[in-house]
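Report on the following structure.
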Amino acid sequence: MSSLIRRERATTSLDGYAAMVPAQQEVVYHALIDGYAEDQERENAGKVQRYLRPILDRIGARRLLDAGCGVGAMVESLLGLGYDAYGFDLMEQTPLWVAAGRSTDRYLVTDPLRLELPFDDGAFDCVFSFGVLEHVGTEDGHATRRPDYHAIREQWTRELFRVVAPGGHLLLGGPNKGFPVDTAHALDAAATPAERWLSRKVGVSIHKPWGPYFLWGYDDVRRYLDGLPCKVEGLSVDGLANYTRVPAPFGALARGYVKHLPKPLLATALNPWVMALVRREA
């Protein structure tokens, strides 16, 4: 099967992978932590089976793009299941791709501040991204926002939408800014002393659900896609998050809360995670 990557549109090549970054570009983010690759390899295949695959089968998606694919564990799992899958991430990932033997026909490198994809319009049935958008537009790849972070995120989201086929879907997931508890990240770099004190006491990030913050919400998704032909639906995240960072007595409570959250509340601040299924109208 020929690759969908249009290499003639690539700016350069890094370790054999098509790259949309300037030649001689240095690593911008040094955001990889110890155990990162091992954690992704261990956890992401399970997330595909128990969470992502049922959604893909329901919407009839076969040609896929993982936006912010990390080490590529989800892409590889999907390829093994017979999907036509691709992934992109930043240049610090290429040594990990090389070490894991990732195909240069399936992965590509993108710029952290302006997303340009070497794919045709409407190339994919589904583009999905989990836990990535909150780091787009930051200074450090974590939680220090650039002044123009909303503009960067809007351009990033609209470029993903460009490569979704009419009738296809964009699936964006990440902790919900409107929900005051975040079990996946440290606090925003500009968090208040009160937020830091309370977070230390309870062992997870507690933040105010209003004002500027590095997390995002359903209102941001709608604003970034304003004027484009689409419909946004909120999905449950039951089966996605494992809450391993939550103090033990509260893990089961968190899973039960997510499992039984009523459907009308999924696209609101009461859902701990945004999981926005965006259908591109024909």
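Within region 75-99, the set of residues being of a type outside the set (Ser, Thr, Tyr) and open to solvent by less than 10 Å² (accessible area, probe 1.4 Å) comprises Val75, Leu78, Ala85, Gly87, Phe88, Gln93, Trp97.
All conditions in (1) touching an Asp or Glu at 6+ places or on another chain (Cβ under 9 Å); (2) at pLDDT 95 or above hold for Val204, with the sole exception of (2).
Okay, residues lined up against (1) outside any loop (DSSP other than H, G, I, E, B); (2) at pLDDT 90 or above; (3) touching a helix residue (DSSP H, G or I) at 6+ places or on another chain (Cβ under 6 Å):
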{"position": "Ile5", "(1), (2), (3)": "no, yes, no"}
{"position": "Gln24", "(1), (2), (3)": "no, no, no"}
{"position": "Val27", "(1), (2), (3)": "no, no, yes"}
{"position": "His30", "(1), (2), (3)": "no, no, no"}
{"position": "Ile33", "(1), (2), (3)": "no, no, no"}
{"position": "Glu38", "(1), (2), (3)": "yes, no, no"}
{"position": "Arg42", "(1), (2), (3)": "yes, no, no"}
{"position": "Arg50", "(1), (2), (3)": "yes, yes, no"}
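Scanning region 209-244 for residues that are on the phi > 0 side of the Ramachandran plot and either open to solvent by 50 Å² or more (accessible area, probe 1.4 Å) or free of Cβ contacts under 8 Å to residues at least 24 places away in the same chain (or both) returns Gly211, Gly227. No other residue among Pro54, Pro147 is open to solvent by 50 Å² or more (accessible area, probe 1.4 Å) and farther than 25 Å from Leu240 by Cα apart from Pro147. Picking from residues in region 179-212 that are among the aliphatic types (A, V, I, L, M) and part of a loop (DSSP other than H, G, I, E, B), the one that is nearest to the chain's Cα centre (by Cα) is Ala184. Restricting attention to region 245-268, the residues being at pLDDT 95 or above, surrounded by 11 or more Cβ atoms within 10 Å (Cβ to Cβ) and part of a loop (DSSP other than H, G, I, E, B) number 4.
In the set (1) over 23 Å from His142 (Cβ atoms); (2) assigned to a loop (DSSP other than H, G, I, E, B); (3) not basic (Lys, Arg), His169 fails one condition alone, (2). All of (1) open to solvent by 20 Å² or more (accessible area, probe 1.4 Å); (2) more than 24 Å from Arg279 (Cα to Cα) hold for Arg114 with one exception: (2).
The values are calculated or read from the model by the stated rules, or taken from the named source; none is laboratory data. Everything numeric here is computed off the predicted structure, so don't read it as measured data. Reconstructed Cβ throughout: ideal geometry from the backbone, glycine too, with neighbour counts over all protein chains shown. Calculation scope for accessible area: heavy atoms of the full protein, side chains included, ligands and nucleic acids excluded. Shrake-Rupley method; radii C 1.70, N 1.55, O 1.52, S 1.80 Å.
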